[in-house]
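Step one of this worksheet: look at the structure below.
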Amino acid sequence: MSDPQTALVISAHSADFVWRCGGAIALHQSKGVEVTVVCLSYGERGESAKLWKQKGMTLDKVKTERRKEAEAAASALDVHDIQFFDVGDYPLDLGRETQDRMVDVIRAVQPKWMMSHSKWDPYNTDHMYTTDFALTCRMMAQAWGHNPGQKVLGAPQLYLFEPHQTEQMEWKPNVFLDISEVWDKKRAAIECMQGQEHLWDYYTNVAENRGNHFRRNSGGMAGGRKATHAEGFQMVFPQTVDELV
Ligand SMILES: [Zn+2]
């Protein structure tokens with residue numbers, strides 16, 4: 001038997017993978033691709049306002065709650081493996097030690113594609129530094145001289161998933177993925193994020209709008225392929241193809 005196909009999502013905080021690529025994760029899992037998610041932090045300081053408003057809240061309690069939510073969401077999406085680096089947030093600590101940890105994961109997973117945030121995010125620099133970090137770690141994992149003896153990485157595509165306040169982020173999708181058949185799983189995962197209930201309907205609307213764009217781009221004015229929900233991505237690297245489609 002050949003090795004299973006794999007993919008890797010690098011999420012700055014423990015909820016980002018749910019809003020931004022939960023559909024891609026569930027869809028690929030259903031196709032037999034084993035998706036690993038790395039959450040660099042729990043978003044415990046910057047993305048947990050609702051928890052912090054509760055009386056007697058502590059950093060450890062917030063982290064525990066956020067971890068439970070992320071694990072429940074990962075289970076709803078059938079995530080193969082979720083890892084929490086717990087390097088703090090606002091800001092993340094993405095120094096050499098974290099890089100080396102990440103490269104070990106990339107080389108162990110050998111993803112056929114990777115996913116991370118937009119290149120620019122002036123509202124949340126954790127997000128854009130995570131993308132820089134993902135590119136740096138991808139480069140390190142490809143270097144034959146880094147930890148010789150480990151299996152070096154090929155050239156997986158890095159897909160940038162959709163940020164919040166899209167128009168402010170210099171993010172422009174060039175791939176739409178039909179996630180209609182796994183939408184129920186994504187919505188179930190979204191509803192695991194109890195601390196950010198204000199985003200549930202927002203990200204449902206995003207998926208519906210991207211579904212419209214999928215239809216428009218798959219079939220023009222005459223009406224394209226039916227898709228109720230979709231996710232948009234921006235590719236960093238060129239595709240290599242045998243034939244134009
Ligand atoms: Zn985030």
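The values are calculated or read from the model by the stated rules, or taken from the named source; none is laboratory data. Remember, it's a predicted structure, so these values are computed and weren't measured experimentally. Cβ: placed from backbone, ideal geometry, glycine included. Neighbour counts: every protein chain shown.
Key figures
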{"read-out": "Test for Lys68: is it part of a helix (DSSP H, G or I), basic (Lys, Arg), within 16 Å of the ligand (Cβ to nearest atom) and modelled with pLDDT of 95 or more", "value": "no"}
{"read-out": "Tally, over segment 1-35, of residues that are of a type in the set (Ser, Thr, Tyr) and buried (at least 24 other Cβ atoms within 10 Å of the Cβ)", "value": "2"}
{"read-out": "Unique match (being exposed (fewer than 15 other Cβ atoms within 10 Å of the Cβ), among the acidic types (Asp, Glu) and within 16 Å of the ligand (Cβ to nearest atom)) among Asp132, Asp121, Asp100", "value": "Asp132"}
{"read-out": "Some residue of segment 79-92 being farther than 30 Å from Ser180 by Cβ, part of a helix (DSSP H, G or I) and out of contact with any strand residue (DSSP E or B) (no Cβ under 6 Å at 6 or more places or on another chain)", "value": "no"}
{"read-out": "Selected residue [surrounded by 14 or more Cβ atoms within 10 Å (Cβ to Cβ) and closer than 30 Å to Lys53 by Cα] from Phe176, Phe214, Phe161", "value": "Phe161"}
{"read-out": "Unique match (being within 20 Å of Lys185 (Cβ to Cβ) and within 15 Å of the ligand (Cβ to nearest atom)) among Val87, Val37, Val62", "value": "Val37"}
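So that you can scan it fast, the table gives a plain yes or no per residue for (1) among the basic types (Lys, Arg); (2) part of a helix (DSSP H, G or I):
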site	(1), (2)
Tyr129	no, yes
Glu181	no, yes
Asp184	no, yes
Arg187	yes, yes
Cys192	no, no
